[in-house]
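Okay, so here's the structure we're looking at.
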Amino acid sequence: MNVKKILLYGATMLLLVSCANEDQQVDSGYGTIDVQVSADYRVEPVTRTSTSENTDTSTPTQTPDVSEFALKLVSTDGSFSRSWDSLADFDPTEKIPVGAYTMSAYYGDLEEEGFDKPYYLGESDVTVRYRENSPVEIQCTLANVKITVEYSDAFKKYFADYATTVHAAEGGYVKFEKDETRAAYVKPGQITIQTYLKKQNGIESTFEPAAITDAKPRQHYRIKLDIADNAAGEAQLSISFDETTETQPITISISDEVMEAPAPSFLPAGFVPGTPLEVKENSYPDDKAVNLSLTAKAGIAACTLTTSSAALESQGWPREIDLVGLSSENSALLGRLGLKLKGFTEMGSKMGFIDFAEVFAHLHATDGNDQHTFTLSAKDIYGKVTEAPITLSVKSIPITFALQTPEAVFVGSKTATIPVEFDGAYIDQIKFSYLNASGSKVNSTSSVISHEGNLYQIKISIEATDQLVVVEASYANGAKTATTSIPVKTPDFTIKAEEYDIWARRATVTLTATDPQYQEAVNRYVVLYANSTGQWETVTSTLTQGRRTITGLAPDTRYQLRGSCNSGQENVNYSGDYTLRTEAAAAVPNGDFENLAQTISIQDLKQGGEYSVWPVDYQNRCSFTIQEPTGWASVNAKTCNTGAANQNSWFVIPSTYNSTLTWDAYRSFASSTVTPDLYRDLVAQSGSNAMLVRNVAWDDNGTTPATSGGAFNTTYYNTNVPTIANRSAGKLFLGSYTYANGTETYNEGVGFTSRPSALKGWYKYANDPNDAAETGVITITLLNGQTVIGTGTANFTAAADYTEFTIPVTYSITNQKATTLRIMITSSNHASYHQSEETAAIKTSVSNGQYESASRGATFTIDNLTFTYE
C-alpha cells in the first residue's frame, strides 16, 4: 500500500486571554481545530489486470503530497466560511467561532479535465466547542474518474493512424493520440468513447462505438482496442472497458464500405468554429444568423450539445443534452431560452438544423464569467461520428446599463422620468418595477420620451407614497438589473379650520392641495406638526371624510400648524402654514358650590299646630337661613314662600338647601330621626359645601291643624296633619327664578363659549318609601342662541354614600359654537315646569315630629361638578 499522510496538530492549550464575557458563555466564543489529513491514492480497477498489475493495486507512481492540499471550513448554517490554499497555511491556534462545521481537504478541480489532472477530495464534520481543541480527521480519495487507453499489437499493425477521444457528460473532450500513455481524469457519470481510425490504404473514419453509462469517482477504466474477425472472416474493431465487455467486447464493422460511408457533418453559418464571436450582452449578433446544419446520410442517432455558460445554466439550461427526441419539458426550456431546432424529433432523420441567434439575447457575464461555449457532436445509426466536435464560442461584451438619480416627484404622482444609461441594442427589453406602499413589487409601464446618445429619458408608471420610491430596472428578463430611488416631495397645500371646528383639545382642519391631482395623496400621507412653545412637534391626527381631526391639544392655546408628506426622508419640505387658537376648558360655574349667597332667612316659623298640656297651650317654632350657590337658582321661592298666607312648617318648606346649614337650624325642618352624627354625613364630598334638593309638599294658603293634646299630655308637638295642596320636586339650575301669585318664571342658562365632552360630579340619592322607582335627574344643555347644539342627561338611583358620575355630552350640531350653558338638577324624574303635573305624580311622606311637622320625599345630594374636554 502506497499511502502518504501528514498530521497537523493544534495547540495543546487555548489562549488564556479572552474576553471577559466569554467566561460566561458556552454557545458563543471561540475554540480551535486539530486537523489530521491523509490521502489514499489508490483507485478501483474496473477491468481484470495481470498479476503484476494487481500487486500495485493501481496506485499512481506520482502523486501530490498532502501538504499541497487546500482546506475549506464551512458552518452548517452557512454563516461562516474560511479557506486555506494549503495545509501549510493553516494555523492550528487560529480561533474559530463555536459551532458545527464541515471541513474539506482537496487537491485539483473537478471542472479541470485532462491528463495528469486528478481531483482528490475528503470532508468530515467537526464541532468547535468553547475553549476546546476539536480534532477532525479527513481522508481524501480520488473524486474523478481515471481513464487509460491501450491498443493491442494487432490493432497497431492494422491501422496506419488512430486516436481515441473520451467525453464525460457536461465535460470536455479529451483526446488520446496514438502514442499517448498517460492517464486522463474526467468527471463521473456517463462517458462516451470515440475512435478515429485510418487504414493502411488511407481510408479513415471516426466512430462512437461505446459509452460507459455510470462511471463512479475513484474508478479506473482501461479502454482496450483490438482487432477481431467475425464469422465471415471480416475484420472488426473490438473494444472493452469493464469486466462485461472484456467477456463480450463491443464490435463494429470496419469494412472499407462502412468506413467510406459519409460521417455526420456540420455546416456552420455566421461563425468560425473555435473563433469566439464577440457580442454585447443580451443582444443579437449583428447579422442575426448563427446556426448549424447537420447532415447524416445514414440517419441521425444522436446529437450531443455540451454547453458551458454560467448565464444559461443559472436559467436551467442543461450542461449536456441529446437533441434527438427531446422531452416536451426540455424542448420548451431550450425554446424559451432562444434555441430553435428542426429535424431532431425522432431518430433516423437525415438532417437537422440548430439556430442559436435568439440564444444570444440570454447571454451575459455572470460572476465575471463572460465566456459561453456550445460544443456539438453527432452520431449516425452506424456509430460513425463527426470527424471532430464543433464548437461555437461566444464572448459577452459588457453593456452599459445604469440608472441615474431621477428628479423628485410629488407624493401621489402617477409617473416619473428615469434617466437610463444604455448602449445595448434593444431598449424595449428594459422592464421596470417599483415597491408600493405595502412593500410589494408592482410592474410599471414605460416609454422612451427622449434620448441623447446612450442616455435615455424613460417615463414609467408609479404610485408615489410618502417614502422614497424604490425602482428596479431589469434588462433581458432579469439578466441585468439596476436600482434607484425617486425622492418624493410634499405638494403645496393650505390648512384651514372653521371657527366651530376648533374645540378645547381638538381641531378639525381641511387640507386643500393647490393642484387637485395630489389631493387624495395629501389627505392620505400628510403628517401634521404643531408649534405652541417655539418648537415644532408632530401631532396625532385622523382622516375622516376628507378632513383631519387633530387631538391632544391644550385648551386656550395658540398653535401654528404645518404639514409634510415626506417626513420619513432626508430632505423634508413643509406646506400649509396656519394659526388657530383652541377653546378654553371652562369650568362649571361655581361647580363646587363653595361660593354661597343667602336667599332665605326665617325666624320663629310656626312648627305645626298648637298642642295642650292642660291647662296651657303651646306652639313650637323654628328659625333657619338658606344659602344657595351664586349663579344658580332653585324653586325655594315657591316651596318656601315667605309671602304665603299661613307661615307654618307644613306649608313653607325649602326644597333646596346647603349642607353647611347649622344643626340647630337644620333640625327645625329635618326628620326627627336625623341625629347630629347622621347630619354630619350630609357635609360636602370635598370642600365645605354640597347642595341638597328634595321633593316637598307646600301650600300658599294652608289651614293650621287643630290643637292636639290635653291633661297629662307628654307629646310636646301637634300631632294633627293638615291637608297640603301642592307637591314639587326640588330643583337647582344655572340662571334665575321668580315666583309670584302662583306664577313661575324660569330664566335658565348662563353665558358660556366652551364645549365640554362630559359633566362629572358626586352624588347621593334617597328615595321616598312611596316611590321606589323614582330617580334624580341631571341634564346639561349647550346652546347657540336658541338652538340646542349639545345635550347630556342621566338618571340617578339610590346611593347611600357619595358616588362619582359622568354624563357625556352629545353634540347634534357641530358647526356652531356654544353661547349658553344650562344645567338642571332635580330630585325627581317626575319634575315638570307645570305644577299640576308635579302635584299629581310626586310622592311625599309625613314627618309629624317635634322638630319637623312637614311632608317631604326623595332627596338628591350633589357636589363638585366639573367638565372634561376631549
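Rule-based calculations on the coordinates, nothing more; no lab input. Computed from a predicted model, the values in this text were never measured in an experiment. Every residue, glycine as well, gets a Cβ built from its backbone with ideal geometry; the counts of neighbours run over all protein chains shown.
So which of 156/384; 288/395; 198/224; 72/146 end up more than 22 Å apart by C-alpha? With Cα atoms farther than 22 Å apart: 72/146. Positive end of the dipole of the chain (Cβ unit charges, origin at the Cα centre): among 402, 551, 464, the Cα lying farthest that way belongs to 551. Paramagnetic label reach from residue 721 (point 7 Å along Cα→Cβ; backbone nitrogen cut-off under 15 Å): within region 835-855, residues 843-850, 852-855.
Ratio of Rg to Rh for region 265-397: 0.95 [Cα atoms; Kirkwood radius as inverse mean 1/r over pairs]. Between residue 399 and 281, the built amide H atoms are under 5 Å apart, and every one of these is 5 or more places off in sequence or on another chain. Residue pairs exceeding 27 angstrom between C-alpha atoms, taken from 199/342; 117/280; 280/459; 459/480; 117/340; 414/441: 199/342; 117/280; 117/340. Among residues other than residue 357 with Cβ under 11 Å from its Cβ, the summed charge is -2 (Lys and Arg +1, Asp and Glu -1). Dipole magnitude for region 91-203: computed about the Cα centre from +1 point charges on Lys and Arg Cβ and -1 point charges on Asp and Glu Cβ, it is near 460 debye. DSSP bridge analysis restricted to the chain gives an antiparallel fraction near 90%, rounded to the nearest 5. Dipole of the chain computed with +1 at Lys/Arg Cβ and -1 at Asp/Glu Cβ about the Cα centre; of 374, 839, 323, farthest Cα towards the positive end is 839.
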